[in-house]
1. Run the quick spin-label model on Arg62 and Gln104: label points 7 Å from Cα toward the beta carbon, then report their separation in nm to one decimal.
2. Can you give me the % of accessible surface on the stretch 20-133 that is carbon or sulfur? Probe 1.4 Å, all protein chains present, nothing else counted.
3. Given R₀ = 25 Å, what would the calculated FRET efficiency be for Ala33 paired with Tyr114, taking r from the Cβ atoms and rounding to 0.05?
4. Give Lys53/Lys129; Lys100/Lys129; Lys34/Lys129 a once-over and call out the pairs whose C-alpha atoms are over 18 Å from each other.
5. I'd like to check one number: the per residue accessible area of the stretch 41-84, probe 1.4 Å, reported in Å² as a whole number.
6. Sorted by accessible area (1.4 Å probe), largest first, how do Glu71, Glu133 line up?
7. When Lys and Arg each count +1 and Asp and Glu each count -1, what net charge do the other residues less than 14 Å away from Ser112, Cβ to Cβ, add up to?
8. In what order, largest first, do Trp78, Trp119 sit by accessible area if the probe radius is 1.4 Å?
Amino acid sequence: MIVQAGLFAPKVAPPPPQDPFYNRVTELDYFKAKFSGEVGFVTVLVGPRNCGKSRLLEELLRQKPVIVIDEANDLMDWKEPDPLQPELKQLLAFLIGISKQKRQAHVILATSDYFLANWLTQVGMTEDKFRVEVLGDLTEEEAEKFVYGDGVEGGGV
């Protein structure tokens, strides 16, 4: 059990839930509907660190076919081993081809770096090939319920 001392009464946090999927039902329903339809664009999922992007993606992966590159901002550090054979451009071309052109799979590039979309355009992926979706952070009240549970008595954070 985790105890946090506050100005008033201490709050006692319950043990973490077995299934840490929390408060993303609306977003999950939105993306399930989006990905149950026609394939057409690479989706860039952007949100603050630890806001639940990876956990949401785990739930979405139950709906196939979906290709996910989590921490896609690491692509911005890509170093080409041979400039004459640009592997990054081949990867991006494959992702566009399988989603927008052939419509065979949904592609999601998840990141906490809001500059990924700009970088994609700089490396040749035009804005008509991808859509940016933003996953927001939890409110302070939602975060407190997540950490401490619904029935915790005590003062403010």
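1. For Arg62 paired with Gln104, the spin-label model returns 2.7 nm.
2. Values: 3380 of 6430 Å².
Whole-percent figure for carbon plus sulfur exposure: 53.
3. 0.50
4. Listed pairs above 18 Å: Lys53/Lys129.
5. Working: 2560 Å² over 44 residues.
In whole numbers, the stretch 41-84 has 58 Å² accessible per residue.
6. Glu71, Glu133
7. Local charge sum for Ser112: -3.
8. Output order, biggest surface exposure first: Trp78, Trp119.
The values are calculated or read from the model by the stated rules, or taken from the named source; none is laboratory data. Remember, predicted model here, so these are calculated numbers, not experimental data. As a convention, Cβ positions derive from the backbone with ideal geometry for all residues, glycine included, and neighbour counts pool all protein chains shown. Just the protein is used for accessible areas: all its heavy atoms, side chains included, with ligands, DNA and RNA removed. Shrake-Rupley method; radii C 1.70, N 1.55, O 1.52, S 1.80 Å.
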